[in-house]
Each structure stands twice: as structure tokens, then as C-alpha cells.
1. Taking 35 Å as R0, compute the FRET efficiency from the Cβ-Cβ separation of ALA120 and LYS237 and round it to 0.05.
2. As an exercise, use a Förster radius of 35 Å and the Cβ-Cβ distance of GLN395 and THR85 to find the FRET efficiency, rounded to the nearest 0.05.
3. Please compute the length gained on full extension between THR310 and ASN97, using 0.36 nm multiplied by the number of residues separating them and subtracting their Cα-Cα distance.
4. Could you check the spin-label model distance between TYR47 and GLU355? Points 7 Å from the Cα along Cα→Cβ, value in nm.
5. Under a crude label model (7 Å from the Cα following the beta-carbon direction), how far is GLU6 from SER377 in nanometres?
6. Taking the Cα centre of each part, how many Å lie between the stretch 125-168 and the stretch 17-89?
7. Can you tell me which of 120-128, 251-259, 363-371 comes out highest on packing, and rank the rest after it, using the mean Cβ neighbours within 10 Å?
8. Using a Förster radius of 41 Å, what is the FRET efficiency between ALA158 and GLU15 based on their Cβ-Cβ separation? Nearest 0.05, please.
Amino acid sequence: MDYSKEEVIEFIRQEDVKFIRLAFCDFLGNLKNLAITPEQLDRAFEYGISFDGSAINGFATPDHSDLFLVPIPSSLTVLPWRSTTGKVVRMFCEIRNSDGTPFERDGRFILWQAQEKVKAAGLNVKIGSECEFYLFQNDEKGNPTKNPFDNAGYLDVAPADKGENIRREIVLTLKEMDIHPESSHHEEGPGQNQIDIRRASPMKTADNIINLMTVVRTCAVRNGLTADFSPKPLSRKSGNGFHISLSVKSKDGKDVLPQFLAGILEHIEEMTAFLNPVLNSYERLGSDKAPKYVGWGRQNRTQLIRVPATRGDEETRIEVRSPDPCTNPYVAYALIILAGLDGIEKNLPLPDPVEMNMYTAPTEITSKLKKLPESLSSAIDKARGSEFIKKSLPQSMIDCLTASN
């Protein structure tokens with residue numbers, strides 16, 4: 001349900017809410033929050049609640065540190081793992097400067113701007129994501145180990161799959177938060193799981209992904225485990241992907257998906273530093289179905305972008321397979337949307353698909369294809385030299401990417 005400001009105030013009064021968590025993400029997409037009591041809510045809506053931006057990675061300097069959180073009423077959700085007596089709710093927030101203007105490095109603001117460009121172009125873009133994670137056992141002191149919770153494989157069932165009940169708990173908790181996952185299952189790696197978030201507006205899906213990661217970590221802790229979203233938790237096992245699926249519709253009925261796809265292929269190397277923002281990201285790319293080359297194919301899970309088979313009235317969609325869960329979903333969705341829009345505006349031609357296993361493809365095929373950056377430093381170099389990135393993101397965000405690595 002999308003709440004208005006007045007409905008939020010009434011809900012908090014009627015539901016005996018004791019604490020309101022004002023949430024936002026840092027530069028890399030890590031969730032942050034501060035808590036206020038209901039008595040402070042009116043001030044939060046009107047003026048915002050201040051915090052020290054210089055203490056947040058990539059946000060501000062000590063001499064210009066005051067930033068303000070203004071809650072977004074439509075994002076209200078109850079945190080169901082908290083006490084039912086004296087409820088706790090959370091709202092995502094706009095981040096504003098002291099003069100009331102939007103904070104340019106706020107991922108939500110960057111995605112909002114991209115969504116406005118989509119509307120202006122007469123398009124409707126829906127995004128969904130598949131999020132993979134490992135469950136690891138803790139030691140006797142409660143610290144995480146690298147011992148997987150089970151040794152099951154892809155789509156295995158109990159008793160080999162020990163994560164079945166935890167995934168059930170995660171899905172039911174999400175449903176209590178009005179988030180409805182499409183599916184959940186055991187993945188290929190030992191202790192590896194996947195939960196899919198259905199396609200919706202880019203902002204809604206980004207919020208849902210942040211909530212999903214919070215719920216996964218919370219449910220893991222409640223079961224004496226640790227959830228690990230890093231791109232390559234175990235060196236010789238499958239990495240964690242964050243596959244992004246998109247459908248694009250034009251209001252005039254024109255098929256713009258080929259040009260949208262071409263735009264992503266055109267700019268993917270320049271975006272990689274933001275889609276794969278940690279050193280560990282590059283241990284995943286190029287192995288275990290994670291892409292290495294820039295190309296596309298139909299139903300081909302070794303490609304950077306695949307076009308899945310559809311049945312019934314399902315929309316044709318594309319799946320971008322290079323991102324990993326360390327990406328900031330707001331920034332990732334914004335860049336992919338803007339790259340697709342660029343492809344449409346320039347009417348970029350879509351290259352031919354490569355319908356073969358890219359890990360065994362002969363060199364006469366692969367030598368003609370561009371490669372994704374093979375290290376974070378080379379990805380950052382691509383981003384810093386990119387006119388597309390400079391046009392899509394504030395320069396200060398590009399500088400932060402370099403400073404944080």
C-alpha cells in the first residue's frame with residue numbers, strides 16, 4: 001500500500017508505533033538508519049532530521065557535513081521481526097542538503113531522475129532482480145565461518161537442502177511487509193540460495209531489494225547463521241549474482257527493446273565499476289555462468305545479456321547477468337535505464353546474438369567480442385574516461401568511487 005503523509009501519521013497513532021526508522025543507503029548501497037519517536041514525525045516531514053554526512057562513506061566532508069533525511073510516506077513498512085507491542089516501522093528517505101536541495105549522491109535521487117527521463121520518452125520500464133546469497137555456519141562465539149550451512153545443489157530439496165525453512169521464513173516475513181517474491185530455491189553452491197523479486201517500477205524494486213537483504217540477514221541471525229552476499233564467498237564455487245531483468249514498453253506501441261539492449265551493450269564496460277564495485281567482484285566474473293564477454297543470446301546463461309523464453313501473456317524481457325549483490329541497486333538500475341535510453345535515442349543497431357557456450361567458444365568468435373573489465377582498477381579507469389558516466393552521474397560520485405578503492 002502506498003501511504004500519504006496523513007495516512008502515515010494516522011497509522012502510527014492507531015497501531016501503537018513507538019519508533020520510526022528513517023532509512024537510506026550509502027554510496028555503495030549499504031543500508032543506514034536513525035530512529036525517531038512519533039513526536040518528531042511532523043518535523044521530519046517538514047524540515048527533515050539532520051545527520052552527519054561526513055561519517056557516511058562518500059557523502060560529505062567535515063566542513064560541509066549537515067545533511068537531512070525527509071521520510072517518503074509511500075515507503076512505510078512495519079518491521080515484523082520487532083515487538084508487536086510498540087511497533088517499529090521504517091521509511092526510506094530523501095537526502096537533502098541544508099538549503100533543501102536534493103543531495104546529488106543520493107542513489108534514490110539518481111534513480112528518480114532516470115525514471116523521469118523514462119516518462120519523458122513515453123516509455124514504461126519494469127525491473128526485477130534475482131538475488132543470490134550464501135548461508136554460513138557460525139562458530140561457538142557467534143562469528144561467521146566459511147562452513148556452508150549445507151552441501152545441497154541446484155533446486156535440491158530437504159533434507160539435503162537445509163535452507164528450505166529459512167527461505168520460507170524469509171518469504172513469509174517479506175509478505176508481511178507487502179513484498180511478494182516470485183520464487184525461492186537452493187542454488188548451485190553449497191549453502192547458496194536465491195530469492196527472486198518480481199518486476200515493478202525501478203524505485204519499488206530497488207526498495208524491495210534493500211528490504212530483502214535486511215530480512216535475509218535478520219532471519220539468518222535468528223537461525224544462528226550468517227548470510228553472505230559477497231560476489232565470490234568461496235573461491236572454487238559459484239559466485240553470488242544479482243541478475244537484473246527488464247521489460248520496456250513504448251506508449252506508441254513501437255518495439256524499442258532491441259535498441260534498449262544495444263544501448264546497454266554499448267555502455268556496459270563503462271558501468272561495470274558501479275555494477276561490480278568491490279575487488280571480490282572480479283573473482284566472480286568469467287566463471288561459473290558469470291559473463292566475461294560483451295554479447296547477448298537467447299536463453300543463453302553464459303552471455304552477458306540473455307533473452308529468456310516466454311510463455312502465455314508474459315512480456316518479453318532481457319536479463320543483465322553481470323551485476324553482483326554489492327552494487328547499489330538504485331545506481332545500477334539508473335545506469336542500465338540511461339544506457340538503454342541512449343540506445344533508443346541514437347537508434348543503435350543490435351549486434352547479432354552469439355548462440356554458443358561462451359566458456360568453450362573458439363577464439364575466432366571470442367576475439368571479435370569486447371571483454372568486461374577484468375579488475376576493479378580497469379573498471380574504474382573505464383568509468384572515469386566515460387562521457388556516458390559523466391553525463392549520467394555527478395562528478396563527485398565518480399570521484400568517490402576512486403577514493404573508496
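Each value in this text was obtained by applying a stated rule to the coordinates, not by laboratory testing. What you are looking at is a predicted structure, and each value in this text was computed from that prediction instead of being measured. With ideal geometry, Cβ positions are generated from the backbone for all residues, glycine too; neighbour counts draw on all protein chains shown.
1. Computed FRET efficiency for ALA120 and LYS237: 0.20.
2. Once rounded, the FRET efficiency stands at 0.10.
3. That works out to 72.2 nm of additional length.
4. Rounded to a tenth, the inter-label distance reads 6.5 nm.
5. Those two pseudo-labels are separated by 6.0 nm.
6. Cα centres, the stretch 125-168 to the stretch 17-89: 30 Å.
7. With the highest mean Cβ count within 10 Å placed first, the list reads 120-128, 251-259, 363-371.
8. 0.65
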